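Since the structure comes first, as structure tokens, the remarks are kept for the end.
The values are calculated or read from the model by the stated rules, or taken from the named source; none is laboratory data. Here the structure is a predicted model, which means the values were calculated and not measured. Cβ placement follows ideal geometry from the backbone for every residue including glycine, while neighbour counts extend to all protein chains displayed. Protein only, heavy atoms only, side chains kept; ligands, DNA and RNA dropped before computing areas. Shrake-Rupley method; radii C 1.70, N 1.55, O 1.52, S 1.80 Å.
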Amino acid sequence: MEKALRKLDDLLNQAVSLGEKMRLEGAVYRAELEERQRLGLTGDAAVKHYNDYMDKYGMSYLKVN
């Protein structure tokens with residue numbers, strides 16, 4: 001029983017951590033989108049802005065080609 005409770009606690013902690021990471025990614029994504037739209041960027045300039053923004057906030061894994 002104790003082992004099962006530890007496993008459930010681990011799963012809960014992983015879920016909370018994932019939720020926090022997703023909220024942070026969402027906030028960064030929204031901020032980038034607002035800035036890109038405010039600047040009126042489109043096409044390659046928009047892609048570059050997005051990728052640079054993701055690099056700036058340590059989210060290179062979200063970059064697009």
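Over the chain, accessible surface divided per residue gives 81 Å², non-protein components excluded, 1.4 Å probe.
Let me have the 222 nm mean residue ellipticity of the chain computed from DSSP H runs of 4+ only, each contributing -39500 (n - 2.57), with the sum over all residues rounded to the nearest 500.
Numbers: 2 runs with 52 residues, N = 65.
Calculated from helices alone, the mean residue ellipticity at 222 nm is -28500 deg cm²/dmol.
Is there a quick way to get the dipole size of the chain? I mean about its Cα centre, with the Cβ of Lys and Arg at +1 and of Asp and Glu at -1; what is the value in debye to the nearest 20? Can you show the working numbers first?
Working: 11 positive and 11 negative charges, 17 e Å.
Using only the charged Cβ atoms, the result is roughly 80 debye.
Cross-link partners of K56 among lysines, defined as those whose alpha carbon lies under 17 angstrom from its own and excluding same-chain residues fewer than eight positions apart: K21, K48. Rounded to whole numbers, the Karplus 3J(HN,Hα) couplings from phi for region 18-25 are 4, x, 5, 4, 5, 5, 5, 4 Hz, using 6.51 cos²θ - 1.76 cosθ + 1.60 with θ = phi - 60°, and x at Gly and Pro. What the phi angles of region 50-57 give under the Karplus curve with 6.51, -1.76 and 1.60, with θ = phi - 60°, is a coupling list of 4, 5, 4, 5, 5, 4, 4, 9 Hz, glycine and proline written as x.
Short-range pairs are left out: with C-alpha atoms under 8 Å and at least six residues apart, the relative contact order of the chain is 24 percent. When Rg and Dmax of the Cα atoms in Å is computed from the coordinates, the matching label among [x] 17.4, 58; [y] 12.7, 41; [z] 10.4, 29 is [x].
Comparing Cα centroids, region 2-35 and region 51-65 end up 19 angstrom apart.
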